[in-house]
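Notes to accompany the following structure.
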Amino acid sequence: MITMKTKNIKKNTNPTMIVDLTNVKSPADISDAFILAKIHAGMPISDVDFLTAKLNTIDRMVEAVNTLANDLDVKTTYINDDKLAKKLMKEIDKALNKKQPWYKRFWNWLKNPFVKKK
């Protein structure tokens, strides 16, 4: 009697990551859920994931400000001028970024002439 050995195929019962889509209200929530699932699973986040999360956060902030302004019955001004918007963003970044301590700025000023410029 000839017996053939059958190949056992294992099914992956442990998922790599679990994505919770129960509280999804918008497409941005779906991408955020996948990014959070990657983080909880210990998987690396790609540059695209990071930029998507950043854009989603900015969109949500804009929506929150608009709804807050509408709730307070305050007139909102939309800036359609790109140059003015860039200047405004530059000032906001300047205000948000902390100034380095004096000793770090002094050290950078001292070593600046000796650093090769790219």
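Details
- Along each principal axis, taking the top coordinate minus the bottom one, the Cα set of the range 27-112 gives 49, 44, 23 Å in descending order.
- Straight-distance crosslink candidates among aspartates and glutamates, where the alpha carbon sits under 18 Å from Lys87 and sequence neighbours closer than 8 are dropped: none
- Per-residue HN-Hα couplings for the range 20-31 [Karplus 6.51, -1.76, 1.60; θ = phi - 60°; Hz; x = Gly/Pro]: 9, 10, 6, 10, 7, 10, 8, x, 5, 5, 5, 5
- When the listed pairs Lys25/Lys94; Lys83/Lys117; Lys90/Lys117; Lys25/Lys98 are checked against a 32 Å cut-off, the alpha-carbon distance exceeds it for Lys25/Lys94; Lys25/Lys98.
- Segment Ile58-Ile30, extension gain: residue separation times 0.36 nm, minus the distance between their alpha carbons: 8.5 nm
- Using θ = phi - 60° in the Karplus curve 6.51 cos²θ - 1.76 cosθ + 1.60, the 3J(HN,Hα) couplings for the range 45-54 round to 9, 7, 4, 5, 4, 5, 5, 4, 5, 5 Hz; x is entered for Gly and Pro.
- Taken about its Cα centre, the range 27-112 carries a charge dipole of roughly 900 debye when the Cβ of each Lys and Arg holds +1 and the Cβ of each Asp and Glu holds -1.
Rule-based calculations on the coordinates, nothing more; no lab input. None of the values given here were measured: they were computed from a predicted structure. When we count neighbours, we look across all protein chains shown, and the Cβ atoms used for this are built from the backbone with ideal geometry, even at glycine.
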